[in-house]
Amino acid sequence: MTRPSPASALNGVQVGNICDRCNRRIRTGDMAVVYATYYDPDGWVVRRVMCDCGSRTIGLPTDGADEVIVEAVWWAGRLVGVKTVDRSRP
Ligand SMILES: [Zn+2]
């Protein structure tokens with residue numbers, strides 16, 4: 001089975017709006033930085049939502065996980081315009 005691209009899988013996904021790093025509130029139109037992982041059979045799952053303060057690199061990789069950092073616009077509870085900025089697997 002082909003793994004969907006994180007950018008298309010996470011586009012339109014519903015997420016909270018409190019930054020997991022600094023606790024700031026993310027408002028509609030603000031940039032959000034999102035860390036997500038891929039595991040079968042769940043697909044891409046959002047693990048952390050951060051405001052603009054979030055790191056654009058994955059850092060220490062988790063064993064065997066396909067991990068991604070995306071930038072997106074937070075729009076009324078959903079991620080839009082999702083763009084991959086870092087990924088643990090090519
Ligand atoms: Zn923040």
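Values in this text are rule-based calculations from the coordinates and carry no lab data. All of these numbers come straight from a predicted model, not from anything done at the bench. For neighbour counting, all protein chains shown are included, and Cβ atoms are generated from backbone atoms with ideal geometry for every residue, glycine included.
Tabulated data
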read-out: Residues located in the stretch 22-52, provided they are loosely packed, with under 14 Cβ neighbours inside 10 Å and touching a Cys at 6+ places or on another chain (Cβ under 7 Å); value: 22
read-out: Residue in the stretch 64-74 that is in a strand (DSSP E or B), of a type in the set (Phe, Trp, Tyr) and away from the ligand (no atom under 15 Å from the Cβ) present; value: no
read-out: Odd one out for residue 56, checked against (1) of a type in the set (Lys, Arg); (2) away from the ligand (no atom under 11 Å from the Cβ); (3) closer than 14 Å to residue 76 by Cα; value: (3)
read-out: Positions within the stretch 28-51 being part of a strand (DSSP E or B) and among the small types (Gly, Ala, Ser), in sequence order; value: 32, 36, 43
read-out: Residue 55, sole failed condition from (1) surrounded by 13 or more Cβ atoms within 10 Å (Cβ to Cβ); (2) out of contact with any Ser or Thr (no Cβ under 6 Å at 6 or more places or on another chain); (3) closer than 15 Å to residue 13 by Cα; value: (3)
read-out: Qualifying position, being on the phi < 0 side of the Ramachandran plot and in contact (Cβ under 8 Å) with a residue 40 or more places away in the chain, among 28, 37, 62; value: 28
read-out: Residues that are in contact (Cβ under 8 Å) with a residue 60 or more places away in the chain and either of a type in the set (Val, Ile, Thr) or not in a helix (DSSP H, G or I) (or both), drawn from the stretch 1-13; value: 3, 5, 11, 12, 13
read-out: Meets criteria (over 15 Å from the mean Cα position of the chain (by Cα) and closer than 19 Å to residue 11 by Cα) for residue 29; value: yes
read-out: Boolean, residue 16 is small (Gly, Ala, Ser), assigned to a loop (DSSP other than H, G, I, E, B) and within 15 Å of the ligand (Cβ to nearest atom); value: yes
